[in-house]
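Colleague: This is the structure, below, for whatever I ask next.
The values are calculated or read from the model by the stated rules, or taken from the named source; none is laboratory data. Nothing here was measured: the structure is a model prediction, and the numbers come from that model. Cβ: placed from backbone, ideal geometry, glycine included. Neighbour counts: every protein chain shown. When the accessible area is computed, the model is the full protein with side chains, heavy atoms only, and any ligands, DNA or RNA have been set aside. Shrake-Rupley method; radii C 1.70, N 1.55, O 1.52, S 1.80 Å.
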Amino acid sequence: MIKFFLMVNRQGQTRLSKYYEHVDINKRALLETEVSKSCLSRSSEQCSFIEYKDFKLIYRQYAALFVVVGVNDTENEMAIYEFIHNFVEVLDEYFSRVKCLVFSERLSFQASRINSQKAAHQQKEPLLEPVYLHQHSCLEK
């Protein structure tokens, strides 16, 4: 089960946080600081799965952004690792295709592309359908 989802920049500043279990506000700041330090201090050659307290951290780095997911011990690490990648690809697709909305800050991700995995592509299609419909309606206006 996913306990929390974080997006952190290289300076350790939290850009997005979502908790799926109640965590006190004061403890959130401490948890986010410790989690970001744990991920930022690792080299790119090290594993992206970290045992941390009573849960696991799974993270991926995209340019200057780290996406970190905290899960319980029974969760499949590779499934969460792929979930992070699909989430980032959907964000990248959404924010690069929306033409009729103006954003003050645009999220840009330099995600590595999955070339030969049809399963990942099939998982993204249902998620991207609203984006394509919105884009089509913007072009008609």
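Colleague: Looking at region 1-64, which trypsin sites (Lys or Arg not before Pro) are DSSP coil and have at most 10 other C-beta atoms within 10 Å of their C-beta? Display every interim value, and only then the final one.
Modeller: Working: sites: Lys3, Arg10, Arg15, Lys18, Lys27, Arg28, Lys37, Arg42, Lys53, Lys56, Arg60; in loops: Arg10, Arg42, Lys53.
In loop regions of region 1-64 (DSSP not H, G, I, E or B), the sparsely surrounded trypsin sites (Lys or Arg not before Pro) are Lys53.
Colleague: Given points 7 Å out from each Cα along the Cα-Cβ axis, report the Tyr52 to His22 separation in nanometres with one decimal.
Modeller: 2.3 nm
Colleague: Using every pair of alpha-carbon atoms in region 49-94, split the distances into 10 Å bins beginning at 0 and state the percent of pairs per bin, rounded to integers.
Modeller: Distribution as computed: 28, 51, 20, 2 percent.
Colleague: Hey, another quick one. Report, as a whole number in µm² per second, the diffusion coefficient that Stokes-Einstein gives for region 1-77 at 10 °C and 1.306 mPa s using the Kirkwood radius over alpha carbon pairs. Intermediate values should be presented prior to the final figure.
Modeller: Values: Rh = 12.5 Å.
The diffusion coefficient I find is 127 µm²/s.
Colleague: Protein chains only, probe 1.4 Å: how do Leu30, Leu65 rank by accessible area, largest first? Mind showing how you got there, number by number?
Modeller: Numbers: Leu30 100, Leu65 25 Å².
My answer, sorted largest first, is Leu30, Leu65.
Colleague: Another question about this same structure. Under 20 Å Cα-Cα from Lys3, which aspartates and glutamates qualify once same-chain neighbours fewer than 8 residues away are excluded?
Modeller: Leaving aside aspartates and glutamates fewer than 8 places away in the same chain, those within reach of Lys3 are Glu21, Asp24, Glu32, Glu34, Glu51, Asp54, Asp73, Glu75, Glu77, Glu82.
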